[in-house]
1. Looking at region B:481-496 only, could you name the residues that are under 19 Å from the mean Cα position of the chain (by Cα) and in a loop (DSSP other than H, G, I, E, B)?
2. Taking residue A:465 as the residue in question, decide whether it is within 14 Å of another protein chain (Cβ to nearest Cβ) and either in contact with a helix residue (DSSP H, G or I) (Cβ under 9 Å, 6 or more places away or on another chain) or over 30 Å from residue A:582 (Cα atoms) (or both).
3. Suppose we filter region B:177-194 for residues that are under 35 Å from the mean Cα position of the chain (by Cα) and farther than 21 Å from residue B:390 by Cβ; how many remain?
4. One residue is enough: does region B:533-551 have a residue meeting the conditions surrounded by fewer than 24 Cβ atoms within 10 Å (Cβ to Cβ), at the interface with chain A (Cβ under 9 Å from one of its Cβ atoms) and assigned to a strand (DSSP E or B)?
5. If a residue has to be more than 21 Å from residue B:200 (Cα to Cα) and not in a loop (DSSP other than H, G, I, E, B) to count, how many in region B:323-358 make the cut?
6. Among the strands (runs of 3 or more DSSP E) contained in region B:618-729, which hold 2 or more residues that are touching a strand residue (DSSP E or B) at 6+ places or on another chain (Cβ under 9 Å) and closer than 30 Å to residue B:449 by Cα?
7. In region A:184-213, what count of residues is obtained for those that are touching a residue at least 60 places away in the same chain (Cβ under 8 Å) and surrounded by fewer than 17 Cβ atoms within 10 Å (Cβ to Cβ)?
8. Can you pull out every residue in region B:38-75 that is surrounded by 18 or more Cβ atoms within 10 Å (Cβ to Cβ), more than 14 Å from every other protein chain (Cβ to nearest Cβ) and not in a strand (DSSP E or B)?
């Protein structure tokens, strides 16, 4: 973990042995470091077929015919399907949002009549091995009449397809008298800002293996991730099955980031293949497919303007933006646009607000959520705006922010907006306080002086700040089931998902602390629909908050049951007992008769005939409910150096200060933040899915789509604070998965402006070296 | 099903649509008839190894050395283990009985120092395919010093092994003043009766596939049956794992009959193989192994005597018997001997009783339970005794029985004995009444007259009767979990087992009736330890009684929840509603707003935010508890013809009258009875595991071990009655799995006596043609 993290957290631990708050090692790691992990590609069944997708090579076109004869003639090819073969399967649905009218834009599992982006599945091949399937896929000949593609989201709306507009919806939210605010303004600051198309690119490409168990009439899909239950339920509908006859299994997942684990055409196709062909079907995406078929994200242009008073205080904001969705509305529907509209305002007091989010289709890969969706984009927009306001009124950027921050004593702060279907009520926060800590941690004045010296010496160095509010802990509910077996081993079954973030460890810590056991005795089962009826997977930084709180409730129930039984066994009262490391013993280390959770479980075994009055089993379910999200918040600070010759931006140092309410495992939060930062940096400086004018993707290899490597990573300082526990759950938890990503584009942009001494220079992410060189070249003229 | 079954049952159904009591078709059948079943042999995993057991070829000997070098040299052989390699694994335990002192007699998974029966595992080979494993096993050379075997159970006890007696225990039970009864007796009837060694021989031989999932640290064993949870728990102990890290999966099972699904050495060996070798391990028994390695049963000699008064009323019974266990005490411990001691008395009033059951080791395959264990044997003994009493006092066998039957008004009838750890309290029964119905059904007088005519015409024809009391519904508890999904499909998870008996259908019927759905919408998951914490499997005719009652309780809970929610949805009260075929509607077909269980489940979905006050999910657990067994009872009647030339006994007609309290599915009970009858007939006339004096088994093929085929099966009439519902559960259920087997030996013996007009001729089962010929030949002299 990074050098300084955890210090604040540890200071708050005084009493006794606490495992919540400790940076214990991950339960997830042993199989990973031993090479025993089971990713989708590791799942195999005897007699399995391999599936290969034939993808559209044009961005927009009308399918005239698809010739499968040559592919089918290949020995070992079992079946080739085109759109006609799956026409009865409904398109892939999206999760409920308040946005309506998206249904006609959902994607069929194989293209019907038209293709709409390069990479769209138009046919699928099933064969005895993966190589054969790939060879056969190349023999499927789709005759497509090429049509002109729509490549830009910000033109006037037009026809995307016959009868379908390029603009399915405009998301409008707002409150206050915006017109009056602008009319009364001392000044108006207006910016035109864009974020490029990039996305989560997990180390593990997507994969899925489906198997139909005819003996039990159960369809199984391995390689699930993120949303096993919702995906199971919706795919069951598509396939005409009851959810209880269809199960998804999440194994190891090599990174989720919002993109992995959504329902894609291939998931449904492997399931349908297994059902129809009565053999297991395996599919594994390659990297080229991953870069053009897995969800993209981010591409958005904002026309934003702020009405301000003479001191730089915001009176109102207008936010008009264009969201380049891609060729279909995917499983998230319009969530990114919805959150961009509902969450732009961040930590600032904004008396009046008006947003029009233009949700637009373009002939590119469909887009959806990616780590900090709608916030990475809008933090860039909002913080660019704050820097511009500071400049306009001639004050320091920190001062400009402080003048507009919502104060700690205003919490909870209800904003008359909604996001993800919940009312936006900032639950807790001390934004000013975190700014203080950030500046102290940075040694702000000394640092500014040092950079001034370096600039005087001819270096292009600069410092940028961004403040933001994240959101986490999406409800409405979560459940875990907890069982202690007769050896004292604890089993925790959750419908939450593990995409590598460490949720097994975090839930085990919470369980261990409440129950009084070693966290390493807790086995967490996740992402398997056969083991638990409901689940919400892993998204929206919700697992620690929602599943963690449910775990606490379940653990307390189990603890109460154990103490009640132990008291009877030991002829005492529950109040006299404590549970430490699985031992049930007299409180405070007093001597006397003791027992163990294992013994209590044996006492409660249904065969023991001793469980008088108690229902058998040392187990409980815990449900946690929440109608609101909670809102962690943070400050990013970037120190950059620009290479005057190449225009390349080098991030020298980076600080993330983040208040998570309560840190269950600071090391894991640190990991989340540093990893998230790397992804944010990619979008700020390197990563972009670009297209030519015909809609051909130009970023289909890692030579073209440039990710951040260790070499580009700066020295990172992470300051985790716990100043504002959430009032919405007993532990005060807030999620920590996205705070490392959120502010990177904004902070780096400000730092580059500063380094170049070119206020307002950065208006678009990623910041390309060529543009920097152009600026420097123009100065040299 | 047999011709006449079900008639009595159907008469009792009056009101409405009832699925309990109907002979609906089996849910189990579709995959079976389509060839899609999944037996142990159908389970395969990539990279699996095949295991082959090297078995002792001598009945008793000292292992001098085992040379594995030649086997290991074979390409593709991965490992060969001998006793030394598994010496750290504890021997296979047995389930609790009140009998103590059996521990030293438990079997290690590979022979240590000595071999004790032909077929005992002495080494095990793991190889790339099954053929190679078999070849390699033949190259393992065990050098064994042959020692004299113990082959008879009824000699004076001696030394079985150094320090271990041939008689681990003598089971003594009794009550009343037996000495006084015999002293006061008008007469004493004494018999020496034996039942031969035979057993359940399922169509499917045993098989198991184990896999260690290192990614989750979970060990899995497929091919489980009968007692998944207990086996899991005990094997976990042997392997040093927590139960929650080890799961057993029951697929289709080709017959259980008490022998399949116990823990055998091979089960533990495949698991250990998977753990140590880190590859899946598959093992499949062949028929020769099945006949010499799977549990035998039955072999028992009884020296029984009854003190009677002048009218043939029993004053007291002494029962001394010798149980030939085999070379080890297996998972059942001394259960067969214990039940033989505790349940011999059947339906008769016996004022004083004394039993000494000599549990003896012999150098044969270990024995354990087989369908109607301890009752098949003791019904033969008791009913032979009743026939002898009738003869002694010169009355009709029916009359002799009637004089001694416990009357219906004496129920419940507490007998001061215990069996399977429970007090023997006959819960309900009208034994006289069932005898009346049996005689009426047989048209007794007409039948006797007809047989007399045939005898006069020179035929050896006879009629024999046997009465018996079965036991069923062993407690102490059982649980099912019931869930209705959003499509209205019902999932029932039970820890009970399915060994082909139709339990899925029966539980679905009970669930369907209580809940108001089509039974075909109920999916039953059984025998999987990962899906439910506790379970009792399938044995002791307990599933319908215990799991069925738990199902009723769970279904009523779900129904109540559904009605409560539906009432809120429909703005009415639960009392006004009924559930028919998944529709929740105004009671009695009144019009008005209605809904469905699917809609209620949707209302209760945790994402719906409408479940105000209700915990999410349309689901419930049902626990049922019972401290006592219940006691179905029956009459068997056999009509036989003996071929004077060959001595072969041909069973012409057979009636089983059986009172099951409440018949859930008469067709399935009929199937249980007819199938059980076939097995009872095997033991009565054909099947026997014989050995030569050196302990070599002589019945290791189906040419030598002669099973009943369709050809030998008589015309069977089944009379299912419901005159004596059990007071121990709300539906009045009693189990029906063993009543078809119980009385066969006894009834056939009586019929053969009658056919040969040789009272008391049959003293041993099976009745061999050779002995009949000897009798007829001796008459001809």
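The values are calculated or read from the model by the stated rules, or taken from the named source; none is laboratory data. In this text, all values refer to a predicted model and were calculated from it rather than measured experimentally. Reconstructed Cβ throughout: ideal geometry from the backbone, glycine too, with neighbour counts over all protein chains shown.
1. Within region B:481-496, B:495 is the sole residue that qualifies.
2. Numbers: within 14 Å of another protein chain (Cβ to nearest Cβ): no; either in contact with a helix residue (DSSP H, G or I) (Cβ under 9 Å, 6 or more places away or on another chain) or over 30 Å from residue A:582 (Cα atoms) (or both): yes.
For residue A:465, the condition - within 14 Å of another protein chain (Cβ to nearest Cβ) and either in contact with a helix residue (DSSP H, G or I) (Cβ under 9 Å, 6 or more places away or on another chain) or over 30 Å from residue A:582 (Cα atoms) (or both) - is not met.
3. Within region B:177-194, residues that are under 35 Å from the mean Cα position of the chain (by Cα) and farther than 21 Å from residue B:390 by Cβ number 3.
4. There is no residue in region B:533-551 that is surrounded by fewer than 24 Cβ atoms within 10 Å (Cβ to Cβ), at the interface with chain A (Cβ under 9 Å from one of its Cβ atoms) and assigned to a strand (DSSP E or B).
5. Total meeting the criteria: 9.
6. Qualifying strands (runs of 3 or more DSSP E): B:633-642, B:649-659, B:715-721.
7. 7
8. Those that are surrounded by 18 or more Cβ atoms within 10 Å (Cβ to Cβ), more than 14 Å from every other protein chain (Cβ to nearest Cβ) and not in a strand (DSSP E or B): B:56, B:58, B:59, B:60, B:68, B:71.
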